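See below for the structure under consideration.
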Amino acid sequence: MRELLGGKGANISEMSRILGPERVPAGFTITTEACVAYMNAGRSEPAGLERQVADALLRLEQQAGKRLGASEDPLLVSVRSGARESMPGMMDTVLNLGMNDRSVVGLAKQTGNERFAWDSYRRFVQMFSNVCRGVPGEDIEDAIRSQKEKAGVKLDTELSVDDLKDLVETFKGLYRDKTGEDFPQNPQVQLRHAIWAVFDSWMGDRAVEYRRINRIPGDWGTAVNVQQMVFGNKGEGSCSGVAFSRDEITGAPEPSGDFLVNAQGEDVVSGVRTPLPLEEMKKIMPEAHSELLHILRALEAHYRDMQDTEFTVEEGRLYMLQTRSAKRPAQAAVRFAVDAVEETMLSREEAVATIDAARLDALLHPTFDPKAEFDVLARGVNASPGAAKGEIVFTADEAVAAAAEGRDVVLVRPFTEADDVAGFFAAKGILTSEGGKASHAALVARGMGRPAVCGASDLEIDLTAREVRVNGTVLGDGDRIAIDGSTGVVTTADVPLVAPEVDRNFHRVLEWSDEIRRLGVRTNADTPEDARKAREFGAEGIGLCRTEHMFMAAERQAKMRAMILAEEESERRAALDELMPLQQQDFEGLFEEMAGLPVTVRLLDPPLHEFLPHAEDLVHEIERARSENTDDLDELERTLEQVHHLAEVNPMLGTRGCRLAILHPEIYEMQVRAIVRAAMAVKRRSGHAPQLEIMIPLVAYEKELELMRELIEQTVEDAGGGSLDLTVGTMIELPRACFVADRIAEVADFFSFGTNDLTQTALGFSRDDVEGKFLAKYLERKIVDRSPFETVDKPGVGCLVRLAAWVGRESKPDLKLGICGEHGGDPDSIDFFHMAGLDYVSCSPYRVPIARVAAAQAAIAHAG
Ligand code: PEP
Ligand code: MG
C-alpha cells in the first residue's frame, strides 16, 4: 500500500503484521490522501483529521502501555514523512515529541539519567520551534554558542544538566518572541503542529527541487508516520544496530551487521564510536540476539529476499524499526540465489529473478578493491568494465613496445581509431578524453574485455607535449595511472585490485538461466580468441563478426591501402587477391572455434577512408619528403589526392556498407570466396563446418539486398560451396529498412538489428559524439534517463524494431531475428527484445553470462 501509506508506512505496517505488534514500535500513519486534501484546501487541515488522529493516538497509547506527556515513564513519538518514493532528507522530521515540563521529569526518573532527559527535551524544543514554527536556526545556534561560552565548554556534550535547563528556557523565550505564544505543553497540540509541518515540507523548496530532478509528481503528497520512540541508550541492557539476514558482502548464510551498546541508531552509522560485529551480541545479550536471528529468517521468508534491517534493544526488549531488500554485491547476490534454492525457500525462477544482472559484470573482471580509499583524479564514462593499472603511453606503438618488455601500460588518447587496435591488445586499459559508450574505444575495448574509461573530459591530453593535464596535475610518459571501467573513475593512486572468479555458484545460476530463457545468446567476435572466450562463457554462436577488424593489423593495412588506392578494377582485384588468403586464414580460426554453431559474418561496413592515413599527417610527410628529396614523394602525393577524393562530410552516412559493394562488388566477392574456402577447409579437417550466415550491412532498399544476394550466391557457386549450410541476411539499422521490412524479408533469410546505427539514424545522434557533448545535459534535464546507446530507446528506436520484426514475419513467417548492437548485452534492452519476439541477442564475450541471466529474467517476468 505504498501509494496510500508511503514506502515507510507500508513497510512498518507489513512488518508489524508479520512479526506481531510487540516487535515493532507502535504507531500509525496519516495517509498521503490527507496530505493531498490539506494542500488542496490551501494548507488547512481536512475535516475529521483531528478526531482521527486523537483516536489513533489513544490506541497507540494503549498498545505502548504509556501516555504522552506522563510524569511517569512517558510515551514519546517520532513524526516522520514518508512518500511513495523515498526522498531522503528532503522533508521534515520531529523526534521526541511529547516532551514537556512534566514528562522530562518522568523520563529522568525512568532512565535514571537526568542529563539524557534534559538533553532530549532541549533537542525537542529546538527542533519543534525551528521545524514547526519557523524560529530561525541562527538564533538557536547563537543561543547554544553563548550557553557554551557561559559554561566555559567547547562541545554540546559537555553541557551540564543545569546548562541544558537554561537552554530550554532560552528556547522557550525565542519561541514566544517568534509566535507570541508559550511553548505548547499539551502533546496533542505539539502533534498537530508537527503533522502540519511535515505536510508543509512536501511543498518546501528542497522537496520541490528534488521532485523536479527525479520526476516525482507534486500531487502525490507525503504520508506522516507517528511512531513510538524506543531508546537503545537506556543503559547496558540497551543497544542499536543494523543487521543483514545474510553476510552482506559474501552472501554466506550467517547474518551480519553492527551494533553499539547503550547508543542510538545515529551513533551506529555516524562512526563516532566503533560498532561491534553482530556475533558479539550473542555474548552480551544472548536472548535478544537469538530473537533477532529468528526474526531475520522470518522476514526473509516473508519477503523472499535477503533483508537489510535496523533494530533497537530497549532494556532487553527487541524492536525492529525497518526492513528492506538488501542491496548487495554480485557475489552475494549469486550466493543468495543458489542457497535460497538449496534451502527450498525459492524456486529457481524466483532465485534467478533476485539477481541484478547488470552487476554481474563485477564477477568477470578485476575491479578496484571496494574497501580501498583513494583520491579520484577525474571521472569519465564507464565504457568497458574492469580495472587496470599501468604506466601512461600515448600511442599504440608505445603500448606494443612496452608490453613486449613486460610493462603494464594504460593507453591514454583523446580518442582512438582503427590504427590503435594493436595497442588495445597490448595495454591493460584504455583511457580517452572524448567519446562515450558507443565510441570506437569503448566498442573495441568491450569486445576484447579490456577495461576502458572514455570521455573523461577534464583530462587535457596533449599528444604533442606528451602530457595529460587535469585539475592542476600534469602527468607524462611512464607516470602511473589506474582506471576502473566499471565506475568511470581515474586515479593516480596504486589502488589494490581484486580478481574475478566464476565460481560454482555462478555456474549454477547460469545453468538455471539457460533452462529458463527463450532468447538465444550469441557473441560479437572477430578473432578466434574472442570466440573461444565467448564459448567458455556460454555463447551459442557468433551473431556478428565485423570483418573490417580483420584488416586493421599493421601488416594488412598496406595491402588494404593498395586495394583502396587502386585506380583500375584490375589493380584492385590484384590487391584483393593478396588479401584473400589472409582473410581465409582468419575465418578458418573463427570457424574452428565455432564448429557446428551459427556464425554470422558481416561483409565490410566502414567507409574506406578509415583505412587511409589522415590528410594532415600526409601533408607533413609530403613536406618532409620534399625537403629531404626522398623518392616516396610521388606515392605520398597520390595518397593525399585519394584521401581528398574519398573524404566525405558525413562519413557515417556516406559510402559505407552495401553502398561500397555496389560501387566495388569485387570486395564482397573476395570476402565471400574466403568464407567459402575457409568453411570447406574446416569441414575437411574436422568434419564440422559452421552454419554460415552472410550478412549485408546498411541496407535501406530491398533492391540493394537483392543485388548483394545474387552476388553472394553466384560467388558461392563459383567457389564450389554449393553444399555448405549457408544463408544470406541483412543488418536492419536504418529507419527505412524498418518501414519496408516486409519487402526486404522477401530477399532475406534473417535480420539482425544493428541498434547502434539504428539509434544514430533514428535520433540523428552521432554515436561517436553525443556522450562527450550534450548527453550529460540531457540526463541532467531529464530529457533522457539513460544513454540511448546503452539502453534501447523503447518508444522510438524500439518501436522501429517491433515494426520491422512484425512486418518482416508477416511476409516471411520463419524469418530469423537477432540483435547485434551494443544493446544486446544490456539487461533492460534484453527484456525488450524478448518481448519483441526476437530469436537471439548477440553481445561482446564478457557480456554473454549477463545476457544469459537477463534473458532468463525476461522470460520469468513475462511468463504466462
Ligand atoms: C550496429 O550498428 O548496431 C552494429 C552492430 O554495427 P556497427 O556497430 O559495426 O556499426
Ligand atoms: Mg552498424
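The values are calculated or read from the model by the stated rules, or taken from the named source; none is laboratory data. Quick caveat, the model's predicted, so the values are computed rather than measured. Note: ideal-geometry Cβ built from the backbone for every residue, glycine included; neighbour counts use all protein chains shown. Each accessible area value is taken on the protein alone, full model and side chains, heavy atoms only, with ligands, DNA and RNA left out. Shrake-Rupley method; radii C 1.70, N 1.55, O 1.52, S 1.80 Å.
What to note about this one:
- Region 748-768: number of residues that are in a loop (DSSP other than H, G, I, E, B) and either within 16 Å of ligand 2 (Cβ to nearest atom) or under 19 Å from L800 (Cα atoms) (or both): 7
- Scanning region 732-742 for residues being buried (at least 21 other Cβ atoms within 10 Å of the Cβ) and away from ligand 2 (no atom under 16 Å from the Cβ) gives a total of 1.
- Taking the numbered list (1) within 16 Å of ligand 1 (Cβ to nearest atom); (2) not in a helix (DSSP H, G or I) in turn, A737 passes all entries but (2).
- G729 being surrounded by fewer than 24 Cβ atoms within 10 Å (Cβ to Cβ) and more than 13 Å from ligand 1 (Cβ to nearest atom): no
- Every listed requirement among (1) within 16 Å of ligand 1 (Cβ to nearest atom); (2) in contact with a Phe, Trp or Tyr (Cβ under 9 Å, 6 or more places away or on another chain) is met by A681 save one, (1).
- Single unsatisfied condition, V699 versus (1) without any contact (Cβ under 8 Å) to a residue 60 or more places away in the chain; (2) buried (at least 23 other Cβ atoms within 10 Å of the Cβ); (3) away from ligand 2 (no atom under 16 Å from the Cβ): (3)
- Listed conditions (1) open to solvent by 60 Å² or more (accessible area, probe 1.4 Å); (2) under 28 Å from E236 (Cβ atoms); (3) in contact (Cβ under 8 Å) with a residue 60 or more places away in the chain are all met by V105, apart from (3).
- Residue selection: Q671 fails the criterion of being away from ligand 1 (no atom under 16 Å from the Cβ) and either within 30 Å of F537 (Cβ to Cβ) or modelled with pLDDT of 95 or more (or both).
- Lone qualifier among K777, K794 - being over 14 Å from F832 (Cβ atoms) and charged (D, E, K, R): K777
- Verdict on D742 being within 12 Å of ligand 1 (Cβ to nearest atom), among the acidic types (D, E) and either touching a helix residue (DSSP H, G or I) at 6+ places or on another chain (Cβ under 8 Å) or in contact (Cβ under 8 Å) with a residue 40 or more places away in the chain (or both): no
- Within region 178-198, the residues that satisfy the criterion of being part of a helix (DSSP H, G or I), within 16 Å of L57 (Cβ to Cβ) and open to solvent by less than 70 Å² (accessible area, probe 1.4 Å) are P187, V189, Q190, L191, H193, A194, I195, W196, V198.
- Candidates K154, K150 - the one that is over 44 Å from the mean Cα position of the chain (by Cα), in a loop (DSSP other than H, G, I, E, B) and at pLDDT below 95: K154
- Filter result for the condition that a residue is more than 30 Å from V453 (Cα to Cα), outside any loop (DSSP other than H, G, I, E, B), in contact with a helix residue (DSSP H, G or I) (Cβ under 8 Å, 6 or more places away or on another chain) and within 16 Å of ligand 1 (Cβ to nearest atom), over I694, I712: I694
- Residue list for region 42-83, filter: of a type in the set (S, T, N, Q), closer than 17 Å to M99 by Cα and part of a loop (DSSP other than H, G, I, E, B): S71
- Sole exception among (1) of a type in the set (G, A, S); (2) out of contact with any Leu (no Cβ under 6 Å at 6 or more places or on another chain); (3) away from ligand 2 (no atom under 14 Å from the Cβ); (4) modelled with pLDDT of 95 or more for A745, by number: (2)
- Identity of the residue in region 800-823, assigned to a helix (DSSP H, G or I) and among the basic types (K, R), that ends up farthest from the chain's Cα centre (by Cα): R809
- Check on V797, buried (at least 16 other Cβ atoms within 10 Å of the Cβ), in contact with a Lys or Arg (Cβ under 6 Å, 6 or more places away or on another chain) and not in a loop (DSSP other than H, G, I, E, B): no
- Some residue of region 703-717 being of a type in the set (S, T, N, Q), out of contact with any Pro (no Cβ under 8 Å at 6 or more places or on another chain), at pLDDT below 95 and more than 15 Å from ligand 2 (Cβ to nearest atom): no
- Test: residue in region 447-456 that is more than 30 Å from T523 (Cβ to Cβ), among the small types (G, A, S) and assigned to a loop (DSSP other than H, G, I, E, B): no
- All told, L597 meets the bar of being modelled with pLDDT of 95 or more, away from ligand 2 (no atom under 16 Å from the Cβ), open to solvent by 10 Å² or more (accessible area, probe 1.4 Å) and aliphatic (A, V, I, L, M).
- Residue selection: F789 satisfies the criterion of being within 22 Å of D605 (Cβ to Cβ), within 16 Å of ligand 2 (Cβ to nearest atom), part of a loop (DSSP other than H, G, I, E, B) and touching a Lys or Arg at 6+ places or on another chain (Cβ under 9 Å).
- Evaluated against (1) within 16 Å of ligand 1 (Cβ to nearest atom); (2) farther than 25 Å from C820 by Cα; (3) among the acidic types (D, E), E610 falls short on exactly one condition, (2).
- Taken together, A10, A34, A83 contain a single residue that is modelled with pLDDT under 95, surrounded by 20 or more Cβ atoms within 10 Å (Cβ to Cβ) and under 43 Å from the mean Cα position of the chain (by Cα), which is A83.
- The helices (runs of 4 or more DSSP H) found entirely in region 609-663 include none that carry 2 or more residues being loosely packed, with under 13 Cβ neighbours inside 10 Å, at positive phi and touching a strand residue (DSSP E or B) at 6+ places or on another chain (Cβ under 9 Å).
- None of E33, E3, E61, E14 is closer than 14 Å to I195 by Cα and either of a type in the set (D, E) or free of Cβ contacts under 8 Å to residues at least 60 places away in the same chain (or both) except E33.
- E693 vs. criteria under 25 Å from G589 (Cα atoms) and free of Cβ contacts under 8 Å to residues at least 40 places away in the same chain: no
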